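The values are calculated or read from the model by the stated rules, or taken from the named source; none is laboratory data. Predicted, not measured: the structure shown is a model, and the values here were computed from it. Using ideal geometry, Cβ is built from the backbone for each residue, glycine included, and neighbour counts are taken over all protein chains shown. Keep in mind that these areas ignore ligands, DNA and RNA; they rest on the heavy atoms of the full protein, side chains included. Shrake-Rupley method; radii C 1.70, N 1.55, O 1.52, S 1.80 Å.
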Amino acid sequence: MTRKPNPIRRRLLGTLAAAPFVLPSTGLAQPARPATRAIPSSGEAIPLVGLGSWITFNVGNDSAARDASAEVMRNFFLHGGRLIDSSPMYGSSQEVIGHGLKKLGRPAYLFSADKVWISDGDEGPTQIEQSRRLWGVPRFDLLQVHNLLAWEEHLPALFDMKAAGRLRHVGITTSHGRRHGELEKIMASQPLDFVQITYNLHDREAERRLFPLARERGIAVIVNRPFRQGELLDRLARHRLPAWAAEIDCTSWAQFALKFIISHPAVTCAIPATTRVDHVIENMNSAAGRLPDQAMRARMIAYVERL
Amino acid sequence: MSEWWSYSLRDLLLFSPQTYYRQFELHNTEWWPLPLLTLGLGVALLFLLQRGGVRTRRPALMALVFCWVWVAWAFHWQRYAAINPAGGYFALAFAIEALLLLWLIAPGPQPEFVPKLHRRAGMGLFLYALLLHPLIGLAQGRSLAQAEVFGMAPDPTALATLGALLFVRARAFWLLAPISLLWCLISGATLWAMKAPDFFVMPLIALLAIVIATASTTTVQSCIDLHR
Ligand SMILES: NC(=O)c1ccc[n+]([C@@H]2O[C@H](COP(=O)([O-])OP(=O)(O)OC[C@H]3O[C@@H](n4cnc5c(N)ncnc54)[C@H](OP(=O)(O)O)[C@@H]3O)[C@@H](O)[C@H]2O)c1
């Protein structure tokens, strides 16, 4: 039987060979690869953990902080990360990602996810083009309508871009549990590849209707605010991690929180943001070990709710 | 943004406290030793103001105008706008304040009488902005390199201006102070969103300045009425 060559795998291996930054020749063991899940519409598999950029990468013109962000990205890629999420709403974050990608030699397996965030639909293409230049990518892998803003105008334009081969996937985002009713209608009526919503140990509203609908309609789900912008971890840090967390290879609350999210079968990728190299490694590693099953997920919720 | 009411101020904060305070460090380092010079300028300004004559006041107020223009361009426009999209609007507001302050310098009838209360309060506020406010970060474990200095950073510049306005011309206060007062609120809100313990300082001082200015306006009015 001849195996069809997997273009992503080829791209991945090719870039790994070509980009010494990704795997430094230190003789260290290769980090464990994160588990992946397929995007239903394209079949492409992406790692269960990605990287957000809200606040953490908005460092302005600070060259030391830009280099620190590039270091976070380097470790993200080194540990098998692919999807980076940003938005024109995030101050200098897109520019900082562009700086990192330039410095690191833009890995071909990068999965660039950005957004369009402007109330006038006619200005969408200009904003997208500006974002693309800031990232320094030939085209985006995913463009999402940010917070449903002017979605009636932006979505047709994004579908056109996709049809013309200038974009690979189309999506829409919301967060904090806002406007789920409207999102549900859009998911039911539009040929979306992705939705991005908030889901974590505390905010589980998406489980009720959005996740089943995403599975039914074949829509990939990106989960934002996995740590409620750090507030969830601050709260959990006051308590000891239960000993049974070791059964799912958890060594920290961050991994506990992430494993809970990515073990939901409707979730394609969670996108925690961080300024720290140790944190990005910890987050990536949460997609590498065992994941909780249904019973364990129930136990996790019950435990956290008791704290 | 729809459902805007469901957003709290903290949801809208675009940067971390580290990034915010780092802006002052980068600004001070880039322009060093200008922070020392603007501090010196502040001391000279205070000296000239308290000497009282119209002629000595003009160069002092001119220096204040320069500080507002400088903060508008070098801080808000060149630096802060990179992490806060509202930076451009702040730059514009600071430039407008500089123009308004020019009005104080323009030849015309000068106030004959500024009550002692405002002179003292104005002087105290100016001294606080110049000497104490830059040290507020030290108490929270930040380095002196991140000090917010008069003439370089918006907060002490706005506070010192409120002091100068109380000191110089109580009745012009209501025309010239709104931008400084508004800035005190914006700065306080930013610090609150960042959970900074000193978030209340700027709004509180703004409130005090308003109370004193209100007292001063009534006193001035009653003095004028008395002399009629
Ligand atoms: N409407 C939308 O489209 C929308 C809305 C919200 C968010 N998003 C996207 O989702 C991403 C994630 O959400 P978020 O940034 O709001 O919050 P988040 O990822 O839930 O939390 C980020 C915070 O968690 C901390 N953190 C990360 N990894 C950690 C670890 N291993 N241990 C301890 N602390 C850790 C980070 O601090 P350190 O820097 O110290 O690690 C950071 O302060 C955003 O960056 C953005 O890309 C999209």
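Things worth noting here:
- Here region A:53-74 is the region considered, the condition is being outside any helix (DSSP H, G or I) and within 13 Å of the ligand (Cβ to nearest atom), and the residue that is farthest from the chain's Cα centre (by Cα) is A:VAL59.
- Count of residues meeting criterion [away from every other protein chain (no Cβ under 14 Å) and either under 18 Å from the mean Cα position of the chain (by Cα) or assigned to a helix (DSSP H, G or I) (or both)] in region A:132-152: 10
- Scope region A:100-109; condition part of a loop (DSSP other than H, G, I, E, B) and either within 15 Å of the ligand (Cβ to nearest atom) or of a type in the set (D, E, K, R) (or both); matching residues: A:ARG106
- Test: residue in region A:267-275 that is within 16 Å of the ligand (Cβ to nearest atom), within 14 Å of chain B (Cβ to nearest Cβ), assigned to a loop (DSSP other than H, G, I, E, B) and open to solvent by 60 Å² or more (accessible area, probe 1.4 Å): yes
- For region A:77-99, the condition of being in a helix (DSSP H, G or I) and over 24 Å from A:ALA270 (Cβ atoms) holds for at least one residue.
- Complete set of residues in region A:226-262 that are on the phi > 0 side of the Ramachandran plot and within 12 Å of the ligand (Cβ to nearest atom): A:ARG228, A:GLN229, A:GLY230
- Applying the set (1) more than 14 Å from the ligand (Cβ to nearest atom); (2) modelled with pLDDT under 95 to A:SER175 leaves exactly one unmet item: (1).
- Filtering region A:190-225 to residues that are within 13 Å of the ligand (Cβ to nearest atom) and within 13 Å of the chain's Cα centre (by Cα) leaves A:PHE194, A:VAL195, A:GLN196, A:ILE197, A:THR198, A:TYR199, A:VAL221, A:ILE222, A:VAL223, A:ASN224, A:ARG225.
- Filtered residues of region A:160-188 (kept if within 14 Å of another protein chain (Cβ to nearest Cβ), over 12 Å from A:ASN147 (Cβ atoms) and among the small types (Gly, Ala, Ser)): A:GLY177, A:GLY181
- Output for region A:204-232, where each listed residue is touching a helix residue (DSSP H, G or I) at 6+ places or on another chain (Cβ under 8 Å), open to solvent by 40 Å² or more (accessible area, probe 1.4 Å) and assigned to a helix (DSSP H, G or I): A:GLU205, A:ARG217
- Of residues in region A:36-86 being among the charged types (D, E, K, R) and open to solvent by 20 Å² or more (accessible area, probe 1.4 Å), the one nearest to the other protein chains (Cβ to nearest Cβ): A:ARG66
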